[in-house]
Protein chains: 2
Amino acid sequence: MGLIVQKYGGTSVGSFDRIRSVAQRVKALHDAGNQIAVVVSAMGGVTDKLIAMAREVSSDPPEREMDVLLSTGEQQSIALVTMALLELGVPTVSLTGRQAGLRTSGSHTRARIDTIDASLTRKYLDAGQVVIVAGFQGVNEEGLIQTLGRGGSDLSAIAVAASVDADVCQILTDVDGVYTADPRVVPDARKLPEISYDELLELASVGTKVMQSRSVEFAKKFGVKFEVRSSLNNNPGTIVTEEHGSMESVVIRGVSIERSQARVTIIGIPDEPGMSARILSALAEAEINIDMIISNIAHDGFARHSFTMHTNDLGRAQAALKPVLNTLGSAAQLESEAGIGKLSVVGIGMRSHSGVAAQMFTALGAAGINIGMISTSEIKISVTVDETRIEDAARVVHAAFDLDKAPS
Amino acid sequence: MGLIVQKYGGTSVGSFDRIRSVAQRVKALHDAGNQIAVVVSAMGGVTDKLIAMAREVSSDPPEREMDVLLSTGEQQSIALVTMALLELGVPTVSLTGRQAGLRTSGSHTRARIDTIDASLTRKYLDAGQVVIVAGFQGVNEEGLIQTLGRGGSDLSAIAVAASVDADVCQILTDVDGVYTADPRVVPDARKLPEISYDELLELASVGTKVMQSRSVEFAKKFGVKFEVRSSLNNNPGTIVTEEHGSMESVVIRGVSIERSQARVTIIGIPDEPGMSARILSALAEAEINIDMIISNIAHDGFARHSFTMHTNDLGRAQAALKPVLNTLGSAAQLESEAGIGKLSVVGIGMRSHSGVAAQMFTALGAAGINIGMISTSEIKISVTVDETRIEDAARVVHAAFDLDKAPS
């Protein structure tokens with residue numbers, strides 16, 4: 001028995017059958033004597049439909065009114081899920097974001113949660129009622145409805161869990177948990193029983209789309225331990241938590257890949273102050289997200305800078321850099337290459353274990369896979385390889401670190 | 001220039017084209033220098049769709065959650081209408097029922113408006129903004145969303161008009177105003193420039209479906225003068241107001257008919273106390289709305305009671321009365337008749353003019369139309385006639401009182 005917060009996403013409440021199935025799951029927990037608050041998203045597809053409605057009457061839908069419109073999606077969900085639970089005889093009430101005390105600030109359509117006044121939620125929980133809370137929404141100081149942007153319902157769930165001091169916060173989704181690698185690429189990938197916030201953040205930043213990074217950061221900030229698990233079965237998922245001592249014995253937690261990367265290299269840059277800033281500013285102004293950045297001085301005395309980005313941005317990057325190139329002197333040239341993949345290994349144990357990079361590069365070399373660029377952070381090593389070899393690379397590195405086996 | 005409150009119903013905002021057309025109308029008023037608050041209903045069909053969704057997950061949808069669900073319909077409308085106005089460059093904000101300060105009490109799905117705190121509405125109006133308010137909804141003392149039941153958006157509009165002391169309150173609908181008779185039945189029916197609350201209430205009670213009676217009663221209670229007019233053209237409609245001296249010079253304001261009426265008569269009732277109560281209680285328990293009630297003592301010493309009701313209720317009424325009949329003694333018998341129409345004339349001038357009934361009955365008699373039951377109130381006379389003659393009856397009475405001509 002305990003206090004459980006669950007979050008169900010749009011797919012999990014995407015049909016009346018699914019809503020009934022969510023109600024059954026919640027009833028089982030309630031029957032077992034738990035207190036339960038459930039955060040729900042809009043039914044799958046509803047938000048897109050509302051956005052399409054807005055576009056019917058507005059060429060550029062104003063954000064304040066988008067929030068008024070979009071928040072109705074979650075409000076409908078809470079009513080329907082509550083009705084389904086009442087139909088099963090479970091005492092249940094719904095709460096909008098406002099009623100659940102979610103106070104927001106910042107811009108409409110991408111607000112942040114400032115505080116949460118859980119008094120009404122607590123009151124209902126203490127009275128033995130299941131509480132169904134609208135995700136993705138809150139109200140600001142003026143009383144205006146604000147939505148939280150992508151992944152907002154996860155944020156809501158973690159905020160609710162923090163505010164009621166939940167024993168468990170479960171994010172129910174269409175994946176089983178966090179794996180050592182994408183099981184579609186690495187067949188013997190293993191579901192992780194637990195992972196640290198930082199590791200999940202690094203994995204998320206390199207393409208493992210389990211949750212939006214800001215929800216993980218929010219959980220880390222407020223110390224909310226949560227579990228990512230499937231809404232379709234009752235298997236245990238992956239606990240995401242603060243790192244603790246025994247985690248460090250595992251050198252590598254997981255392997256992640258990104259495809260469709262491109263590299264741009266500028267060579268022949270005069271070795272003078274301000275050159276890098278000029279180049280990076282041009283890319284920033286063009287709103288191009290660059291990922292790995294490598295710069296060094298070649299033997300000819302000129303500097304060279306390399307960046308990676310998504311292939312879709314390559315053309316715009318070249319256009320943005322062209323005028324800069326002309327200001328860098330006659331030796332400056334731009335080279336580019338598409339068809340690149342990026343492979344990363346992540347693990348907090350890396351900090352206290354040496355030789356991780358050597359072990360990774362050896363494995364790739366033995367498989368005949370050439371390494372392009374290399375970048376490292378405290379708990380991550382990323383390399384680029386030819387995109388045609390990216391899946392092989394993931395498999396050999398996964399095997400090299402014995403990720404298919406549970407650590408002893 | 002003034003402060004105008006308008007209300008648009010579900011049909012008037014029933015499509016994106018209609019929403020754009022509402023925005024154009026509001027813009028014209030705004031451009032002319034008026035302050036404007038607009039109360040809107042859910043888009044036509046949306047409320048029915050939400051009710052159908054509730055029935056998918058609940059055999060008996062709980063009312064608290066129905067209010068959470070149904071109120072999203074109006075919330076979507078205010079966002080869309082606001083967006084359409086902003087698209088035209090008109091500064092506009094939306095307000096939910098809660099934000100517009102509509103405080104309710106009573107039962108969910110049929111709450112009443114207790115108070116309205118118009119401070120936010122006033123603030124925006126004073127800042128030169130058009131304010132779009134969600135009709136049909138408010139919040140109770142606990143902060144729970146409540147809806148107002150049928151005709152709730154009219155109620156909201158009248159409450160908003162009262163709270164901001166509007167110069168004009170316009171109820172925009174799919175009829176042009178209030179007519180002396182249904183123009184489909186009486187071709188020379190005339191649109192009334194004005195009518196008193198009481199006259200409209202009496203006409204509404206006999207089938208002229210312009211507004212729900214409780215909205216008219218609410219307007220009367222708070223002294224809100226309003227205009228019923230078309231959302232499809234710019235013709236002046238009908239002003240509904242408190243009665244004033246010059247109104248009394250008009251004897252009859254209008255004629256109204258009801259079809260599909262049935263009569264039940266019980267004869268042979270012993271002339272003893274409690275007999276009527278027994279009969280009426282049986283009908284009340286069966287939730288049968290009875291309309292005209294006539295009782296008298298026949299020459300044989302027995303009493304007889306007659307009632308009218310809608311034909312659809314006749315079978316249930318007979319079933320409900322059967323067990324009562326057995327307790328009334330052996331002389332009691334039940335007779336019934338369907339195919340009856342009811343004709344009413346309404347006018348506050350009736351109070352100070354005698355001979356109205358005589359004039360009406362003479363006209364009907366001259367046309368060879370037999371009168372069945374007769375009932376009267378202070379400002380209304382109703383008679384039943386054979387349903388096949390109800391339209392003729394309306395026309396001859398309309399002509400007898402010169403209702404096609406504007407009073408001098």
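The values are calculated or read from the model by the stated rules, or taken from the named source; none is laboratory data. Computed from a prediction, not measured in an experiment: that's the story for all the values here. All Cβ positions, even for glycine, are placed from backbone atoms using ideal geometry, and neighbour counts span all protein chains on display.
Below are the figures for this structure:
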item	result
Unmet requirement for A:Val383, which otherwise passes all of (1) out of contact with any Phe, Trp or Tyr (no Cβ under 9 Å at 6 or more places or on another chain); (2) outside any helix (DSSP H, G or I)	(1)
Cross-chain or 6+ apart pairs with Cβ under 6 Å, the range A:31-60 first and acidic (Asp, Glu), then surrounded by 15 or more Cβ atoms within 10 Å (Cβ to Cβ) and at pLDDT 95 or above	A:Glu56/B:Phe16
In the range A:316-331, the residues that are in a helix (DSSP H, G or I) and small (Gly, Ala, Ser)	A:Ala317, A:Ala319, A:Ala320
Filter result (farther than 15 Å from A:Leu50 by Cβ, within 8 Å of chain A (Cβ to nearest Cβ) and buried (at least 20 other Cβ atoms within 10 Å of the Cβ)) within the range B:86-97	B:Leu86, B:Val93, B:Thr96
Entirely in the range A:72-171, the strands (runs of 3 or more DSSP E) that have 2 or more residues that are β-branched (Val, Ile, Thr)	A:92-95, A:112-116, A:130-134, A:145-147
Filter result for the condition that a residue is out of contact with any Ser or Thr (no Cβ under 6 Å at 6 or more places or on another chain) and either more than 10 Å from every other protein chain (Cβ to nearest Cβ) or at positive phi (or both), over B:Ser59, B:Ser21, B:Ser41, B:Ser77	B:Ser21
Residue in the range B:150-171 that is in contact with a His (Cβ under 6 Å, 6 or more places away or on another chain), buried (at least 19 other Cβ atoms within 10 Å of the Cβ) and either more than 14 Å from chain A (Cβ to nearest Cβ) or within 30 Å of B:Val255 (Cβ to Cβ) (or both) present	no
Residue in the range B:323-330 that is modelled with pLDDT under 95, of a type in the set (A, V, I, L, M, F, W, C) and under 29 Å from the mean Cα position of the chain (by Cα) present	no
Single condition A:Val26 does not satisfy, out of (1) away from chain B (no Cβ under 11 Å); (2) in contact with a helix residue (DSSP H, G or I) (Cβ under 7 Å, 6 or more places away or on another chain); (3) not in a helix (DSSP H, G or I)	(3)
Filtered residues of the range A:1-60 (kept if basic (Lys, Arg) and in contact with an Asp or Glu (Cβ under 9 Å, 6 or more places away or on another chain))	A:Lys7, A:Arg20
Residues being closer than 30 Å to B:Ala28 by Cα and acidic (Asp, Glu) - total across the range B:99-142	2
Set A:Asp313, A:Asp300: member being part of a helix (DSSP H, G or I) and among the acidic types (Asp, Glu)	A:Asp313
Of all residues making up the range B:11-39, the number that are buried (at least 24 other Cβ atoms within 10 Å of the Cβ) and touching a Gly at 6+ places or on another chain (Cβ under 6 Å)	1
A:Ser330 vs. criteria out of contact with any Phe, Trp or Tyr (no Cβ under 9 Å at 6 or more places or on another chain) and either outside the structural domain of A:Ala282 (by TED's automatic domain parsing) or under 19 Å from A:Ser306 (Cβ atoms) (or both)	no
Qualifying position, being within 11 Å of another protein chain (Cβ to nearest Cβ) and either among the aromatic types (Phe, Trp, Tyr) or crowded, with 24+ Cβ neighbours inside 10 Å (or both), among A:Met53, A:Met83	A:Met83
Residue in the range A:367-376 that is under 22 Å from the mean Cα position of the chain (by Cα) and not aromatic (Phe, Trp, Tyr) present	yes
Number of the exception - B:Thr121 against (1) within 11 Å of chain A (Cβ to nearest Cβ); (2) more than 16 Å from B:Leu144 (Cβ to Cβ); (3) of a type in the set (Ser, Thr, Tyr)	(1)
Test result for A:Leu70, within 10 Å of chain B (Cβ to nearest Cβ) and either free of Cβ contacts under 8 Å to residues at least 40 places away in the same chain or touching a Leu at 6+ places or on another chain (Cβ under 7 Å) (or both)	yes
Filter pass, A:Ser281 being in the same structural domain as A:Ile371 (by TED's automatic domain parsing) and either more than 24 Å from A:His353 (Cβ to Cβ) or in contact (Cβ under 8 Å) with a residue 12 or more places away in the chain (or both)	yes
Matching option when the condition is more than 18 Å from the chain's Cα centre (by Cα) and farther than 30 Å from B:Gln24 by Cβ, among B:Ala262, B:Ala204	B:Ala262
Test set (1) more than 30 Å from B:Val185 (Cα to Cα); (2) in contact with a Ser or Thr (Cβ under 9 Å, 6 or more places away or on another chain); (3) touching a residue at least 40 places away in the same chain (Cβ under 8 Å) - B:Ala303 fails condition number	(3)
Members of the range A:122-142 found to be over 27 Å from the mean Cα position of the chain (by Cα) and not acidic (Asp, Glu), listed by number	A:Arg122, A:Lys123, A:Tyr124, A:Leu125, A:Ala127, A:Gly128, A:Gln129, A:Val130
Residue tally, condition in contact (Cβ under 8 Å) with a residue 24 or more places away in the chain and within 25 Å of B:Ala181 (Cα to Cα), over the range B:309-357	22
